[in-house]
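These notes concern the structure reproduced below.
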Amino acid sequence: MALLRLRESQITKIHYLTGILSLFAVAIHIIFRLIMPFGQSLSYENVVANYQNIFYVILLESILVLISIHGFNGLRIILIELKQSHRWESTITILVLIAMVGVIAYGTRTIVIASGL
Amino acid sequence: MSNEDNKKVILKVYRTNYNKDDSPHYDKFEVPVKRWTTVLDALLHVKSYSDSSVGIRYSCRMASCGSCGMKINGRPSLACYTKISELKDDVVVCEPLPNFPRIRDLVSDFSQFFSHHKNMKPFIQNDKVSLDIDDKHDLVEFEQTHEDVDKYLQFSYCIRCGLCYSACPTVATDPKFPGPQALSQAYRYEADSRDDSKKTRFNIIDERHGIWRCHFAGSCSVVCPKGVDPALGIQLLKGHMLGLSKNNKKLSNLRTKNKE
Ligand code: SF4
Ligand code: FES
């Protein structure tokens with residue numbers, strides 16, 4: 001699997017990049033909550049309206065993808081430090097990849113259903 | 001005689017022999033100290049007058065050989081470079097270095113630490129020069145400017161005492177991690193204009209348990225007795241590997257006898 005053969009420096013580049021980009025994406029997401037009173041911004045109509053806005057949908061999807069990649073790689077790093085065996089490292093990498101794809105797929109499904117795309 | 005000349009401290013020394021199933025304990029010794037007495041002096045006093053069986057490793061007594069590393073009052077330090085008067089405590093606790101397998105009392109096993117160092121191929125490698133010196137009768141030296149030397153000089157002061165390795169939180173959980181000493185030596189050769197084996201060394205450290213497992217705690221640089229600042233070397237190396245910073249290294253030329 002090509003993903004398993006990535007060098008650590010390449011993974012680190014992805015890790016740093018997704019970290020920085022998700023900071024911006026989350027900042028925009030928070031600004032959306034602040035342009036009107038917080039409670040009002042989370043009212044049912046407003047949330048549904050947000051999901052109908054294609055730019056907001058793209059933003060949510062990017063946050064989901066960026067944070068999943070960054071977070072799950074962070075989890076992989078923590079776990080591979082725990083045990084020093086090639087088998088453990090590869091198993092952890094595969095399991096974390098599956099979990100990441102699962103979370104992204106489930107989150108995307110929610111976004112697609114809510115936005116009625 | 002001033003009060004200072006009569007001062008005594010309690011030396012608490014960690015004792016055990018792993019080959020004999022000894023249960024670890026601390027032995028206490030009262031030792032007379034002067035303003036200039038180092039922890040190593042105090043331990044040698046104990047060996048001469050109280051208990052000759054205390055296990056310590058030392059050689060140069062002047063912070064050059066890197067043999068006498070131990071944990072002194074909770075901090076990895078060189079015993080010959082730590083004055084008791086500077087500890088400002090009447091009890092001095094000596095324990096073996098953390099992150100190293102222990103052998104006996106204050107002596108720890110450096111084999112793993114040295115093998116990480118060896119893995120970095122800590123010598124000049126250059127395709128222009130064969131390692132077989134017999135082939136190169138006309139070889140004299142590489143030409144380097146002062147600026148070229150400044151790039152790596154600080155990192156070449158390392159005496160391989162292992163203090164940084166014992167202070168590193170990543171080494172504590174991951175023995176495959178090369179540690180600050182080995183990684184800073186990788187940078188030392190990467191920055192050296194006589195060396196052109198960047199790729200080989202990058203491949204060695206660009207591993208799952210390699211340089212990227214450094215979380216920049218910085219404790220290595222805090223304890224280094226020679227001002228090497230291994231954490232700086234690691235961050236510079238990371239920058240080079242990610243292509244964020246350039247070394248702009250121009251390989252030195254060989255000055256040969258024929259040219260003289
Ligand atoms: S970098 Fe400093 S602390 Fe580490 S082994 Fe070298 S001299 Fe000792
Ligand atoms: S005895 Fe050589 S460094 Fe301390």
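The values are calculated or read from the model by the stated rules, or taken from the named source; none is laboratory data. Quick caveat: nothing in here was measured; it's all calculated off a predicted structure. Methodologically, a virtual Cβ is constructed for each residue, glycine included, from the backbone with ideal geometry; neighbour enumeration extends over all protein chains shown. Accessible surface areas use protein heavy atoms only, side chains included; no ligands, DNA or RNA. Shrake-Rupley method; radii C 1.70, N 1.55, O 1.52, S 1.80 Å.
Miscellaneous remarks
- Scanning the range B:214-226 for residues that are at pLDDT 95 or above and not hydrophobic (A, V, I, L, M, F, W, C) gives B:218, B:219, B:221, B:225, B:226.
- Residue match in the range B:190-208 (condition: more than 14 Å from every other protein chain (Cβ to nearest Cβ), of a type outside the set (Lys, Arg) and within 11 Å of ligand 1 (Cβ to nearest atom)): no
- Wholly within the range A:10-86, helices (runs of 4 or more DSSP H) carrying at least 3 residues that are more than 14 Å from chain B (Cβ to nearest Cβ) and touching a residue at least 40 places away in the same chain (Cβ under 8 Å): A:44-52, A:54-82
- Residue check, residue B:99 of a type in the set (S, T, N, Q) and within 30 Å of residue B:200 (Cβ to Cβ): yes
- Residue match in the range B:144-151 (condition: within 14 Å of ligand 1 (Cβ to nearest atom) and either part of a helix (DSSP H, G or I) or of a type in the set (Asp, Glu) (or both)): no
- All of (1) small (Gly, Ala, Ser); (2) part of a helix (DSSP H, G or I); (3) without any contact (Cβ under 8 Å) to a residue 60 or more places away in the chain; (4) within 25 Å of residue A:76 (Cα to Cα) hold for residue B:182 with one exception: (3).
- Residue match in the range A:84-105 (condition: touching an Asp or Glu at 6+ places or on another chain (Cβ under 9 Å), open to solvent by 60 Å² or more (accessible area, probe 1.4 Å) and basic (Lys, Arg)): no
- The range A:62-83, residues that are charged (D, E, K, R) and open to solvent by less than 50 Å² (accessible area, probe 1.4 Å): A:76, A:81
- The residues of the range B:31-90 that are open to solvent by 60 Å² or more (accessible area, probe 1.4 Å), within 16 Å of ligand 1 (Cβ to nearest atom) and part of a helix (DSSP H, G or I) amount to a single one, B:81.
- Taken together, the criteria exclude residue B:239 from residues that are out of contact with any His (no Cβ under 9 Å at 6 or more places or on another chain), in a loop (DSSP other than H, G, I, E, B) and either within 14 Å of chain A (Cβ to nearest Cβ) or over 19 Å from residue B:112 (Cβ atoms) (or both).
- For the range B:52-73, the tally of residues that are more than 9 Å from ligand 2 (Cβ to nearest atom) and in contact with a strand residue (DSSP E or B) (Cβ under 7 Å, 6 or more places away or on another chain) stands at 7.
- Checking every residue in the range B:144-156 against the condition of being closer than 27 Å to residue A:8 by Cα and of a type in the set (A, V, I, L, M) gives zero matches.
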